[in-house]
Amino acid sequence: MGLPAINIEFIGKAENVIKRSQLGIVALILKDEVQTADTVVYKSFDEIEMDEWSPKNLDYIQKTFMGTPSKIIIERLPTTAENYTDALVRLNNKRFNYLAIPGIEDKDSAIIDSWVKSKRNQKKTFKAVLPNTPADHEGVINFTTAGIKVGEKEYTTSDYTCRIAGILAGLPFTRSATYYELPEIDTITELEDPDEAVDNGELILINDGEVIKIGRGVNSLTTLIGVKTEDFKSIRVMEVQDMIKDDIRTTFDKYYIGKLNNTYDNQVLFFQSINVYFTGLGDQEILDSNFDNLAEVSVKKQRAAWEKISVDTSDWDDQKVKERTFKRNVFLGGKIKIVDAMEDLDLDIAI
């Protein structure tokens, strides 16, 4: 009896995907002695009392909210804290999209880089905006612009990671971060070759002569191997991919774990529901509706699972492999095509 409820769940997620995409969450780690609570959550800057934080941290929070995330989770540490371990432990089981630690030093950025990579290997969809961190990974945005001046105040690259995180969390899937304008910035240290920086996996700001804006919405990934294609370098594409993973995983947890036997028929019901979801994402132009977006049993993984316990599957065709479910495992495979935003124009005019 679970199929109708699951379909309704997935249809609702697909129909509301544009709205949900603007509701990203930013996690900040701030060192502060004025605030005493370990964890503080705000949904708007108006909720904050001005005497709750040091002036510097108030500025960081305000800069983050300029990007309109749905909320900010702040993990506070004392100013004497030698590392960020306690804050990371508290964040481990919280839900957020982008982490920023304004003021972080290079030696600590490397530690956060490793933490994000390890968590994504554990199927968490955390991402971080770090300063000058060539992580070569889709979960880390390497922000590198220096000399950021807002009025008379100058910010370091590290300081402004919170502003970038707020922007990325608040963007809808109807657009990418490319050419997103930051009108509050007056000047930056401009690069001689911004194209090279982008190719190196750097998220940079550029000056188009009128306004400061993001050059291109890329993460730090530069090495393309295996399943990691050029698409994995796009922040927007990875955000869609992470959303799809979270939606499927949370729906599976809610309706399937411990509730249905692991038969092929029940697996088919689950895959059919996912395909209903994919169709909805196609209707929203998140997936390409002209592509065969499909979820099904991963024949390769299921066959390998049987062979690992010395079962000879050489005379099994693909359908038999699908029907021979393996213990408690549901091996999900398939393919989708995520639609990216328009960013490049190649124009030829003949006269």
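Every read-out reported here was derived from the displayed coordinates using simple, explicitly stated rules and does not represent laboratory data. The model shown is predicted, which means the values in this text are computed figures rather than measured ones. Cβ placement follows ideal geometry from the backbone for every residue including glycine, while neighbour counts extend to all protein chains displayed.
Which shape class applies to the chain: rounded if a/c is under 1.5, otherwise prolate when a/b exceeds b/c and oblate if not, where a ≥ b ≥ c are the square roots of the Cα gyration tensor eigenvalues?
On the way: a/c = 2.02, a/b = 1.57, b/c = 1.28.
Here the chain falls in the prolate category.
Where does each of 294-300, 238-244 land if you order them by average Cβ count within 10 Å, highest first? Please report the intermediate quantities before stating the final value.
Numbers: 294-300: 17.6, 238-244: 20.9.
Packing proxy ranking, top to bottom: 238-244, 294-300.
In the range 168-211, if the dipole is taken from +1 on Lys/Arg beta carbons and -1 on Asp/Glu beta carbons about the Cα centre, which of Gly209, Ser176, Ile188 is farthest to the positive end?
Sorting the options by dipole projection puts first Ser176.
Given points 7 Å out from each Cα along the Cα-Cβ axis, report the Arg324 to Thr174 separation in nanometres with one decimal.
5.1
What FRET efficiency do you get for Asp106 and Glu285 if R0 is 56 Å and r is their Cβ-Cβ distance, rounded to the nearest 0.05? Walk me through the numbers on the way to the answer.
Working: r = 40 Å, r/R0 = 0.72.
That pair, Asp106 with Glu285, gives E of 0.90.
What ³J(HN,Hα) values, in whole Hz, does the Karplus curve 6.51 cos²θ - 1.76 cosθ + 1.60 give for the range 262-270 when θ = phi - 60°, with x put for Gly and Pro?
8, 9, 4, 4, 5, 5, 4, 4, 5
With unit charges on the beta carbons (Lys and Arg positive, Asp and Glu negative) and the dipole taken about the Cα centre of the chain, which residue among Thr279, Gln267, Leu23 sits farthest to the positive side?
Gln267
List the residues, sorted by chain then number, that are 5 or more residues from Glu154 or on another chain and whose placed amide H is less than 5 Å from its amide H.
Close amide H contacts, sequence-distant or interchain: none at all.
If you take every DSSP beta bridge fully contained in the chain, what fraction is antiparallel? Give it as a percent rounded to 5. If you can, show how the numbers build up before the last one.
On the way: 19 of 38 bridges.
Expressed as a percentage, antiparallel bridges in the chain total about 50.
Roughly what angle does helix 235-255 make with the longest principal axis of the chain, taking Cα atoms, 0 to 90 degrees, to the nearest 10?
50
What is the packing order of peptides 272-284, 225-237, taking the mean over residues of other C-beta atoms within 10 Å and listing the highest first? Spell out each step's value before the answer.
On the way: 272-284: 19.9, 225-237: 14.8.
The most tightly packed comes first, giving 272-284, 225-237.
Based on Cβ point charges of +1 for Lys and Arg and -1 for Asp and Glu, what charge dipole magnitude is obtained for the range 42-164 about its Cα centre, in debye rounded to the nearest 20? Mind dumping the intermediate values first?
On the way: 18 positive and 18 negative charges, 148 e Å.
Taking the Cα centre of the range 42-164 as origin, the dipole is about 720 debye.
For every other residue with a beta carbon closer than 10 angstrom to the beta carbon of Glu202, add +1 if it is Lys or Arg and -1 if Asp or Glu, then tell me the sum. Don't skip to the end; give the middle numbers.
Values: positive: Arg216; negative: Glu196, Asp199.
Net local charge, Glu202 excluded: -1.
State which entries of Lys233/Lys327; Lys124/Lys327; Lys94/Lys308; Lys71/Lys301 exceed 32 angstrom in Cα-Cα distance in the structure shown. Walk me through the numbers before you get to the answer.
Values: Lys233/Lys327 36 Å; Lys124/Lys327 24 Å; Lys94/Lys308 35 Å; Lys71/Lys301 39 Å.
The answer is Lys233/Lys327; Lys94/Lys308; Lys71/Lys301.
Return the sequence-ordered ³J(HN,Hα) values of the range 324-329 in whole Hz as given by the Karplus equation 6.51 cos²θ - 1.76 cosθ + 1.60 applied to θ = phi - 60°, using x for Gly and Pro.
8, 4, 10, 6, 9, 8
How far is helix 2-15 tilted off the main Cα axis of the chain, in degrees rounded to 10, range 0 to 90?
30
Which lysines, if any, have their Cα less than 19 Å from the Cα of Lys56, not counting same-chain residues under 8 positions apart?
Of all the lysines, those that pass the test against Lys56 - Cα under 19 Å, at least 8 places apart if same chain - are Lys31, Lys149, Lys153.
Rounded to whole Hz and in sequence order, give me ³J(HN,Hα) for the range 215-224 from the Karplus expression 6.51 cos²θ - 1.76 cosθ + 1.60, θ = phi - 60°, writing x for Gly and Pro.
The phi angles translate into x, 8, x, 10, 8, 7, 5, 10, 8, 9 Hz.
So, with +1 on the Cβ of K and R and -1 on the Cβ of D and E, and no other charges, what is the size of the charge dipole of the range 79-145 about its Cα centre, to the nearest 20 debye? Write down the numbers at each step before the final one.
Working: 10 positive and 8 negative charges, 113 e Å.
Roughly 540 debye for the range 79-145.
Label the range 236-351 by shape, choosing from rounded, prolate and oblate, from the square roots a ≥ b ≥ c of the eigenvalues of the Cα gyration tensor; if a/c is under 1.5 it is rounded, and otherwise prolate applies when a/b is larger than b/c, oblate when it is not. Intermediate values should be presented prior to the final figure.
Numbers: a/c = 2.95, a/b = 1.88, b/c = 1.57.
It is prolate, given that a/c is not under 1.5 and a/b is the larger ratio.
Nothing charged except the Cβ atoms of Lys and Arg (+1) and of Asp and Glu (-1): what's the magnitude of the dipole of the chain about its Cα centre? Round to the nearest 20 debye. Display every interim value, and only then the final one.
Working: 43 positive and 59 negative charges, 445 e Å.
So the dipole magnitude of the chain works out to roughly 2140 debye.
Hey, how many Å between the Cα centroid of the range 21-93 and the Cα centroid of the range 281-301?
Computed from Cα coordinates, the inter-centre distance equals 37 Å.
Report, in cubic angstrom per residue, the convex hull volume of the C-alpha atoms of the range 45-98. Write down the numbers at each step before the final one.
Working: hull volume 5.4 nm³, N = 54.
Cα-based convex hull of the range 45-98, divided per residue, equals 100 Å³.
Against the longest alpha carbon principal axis of the chain, how many degrees, from 0 to 90 and to the nearest 10, is the axis of helix 299-308 turned?
Helix 299-308 and the main axis of the chain meet at about 70 degrees.
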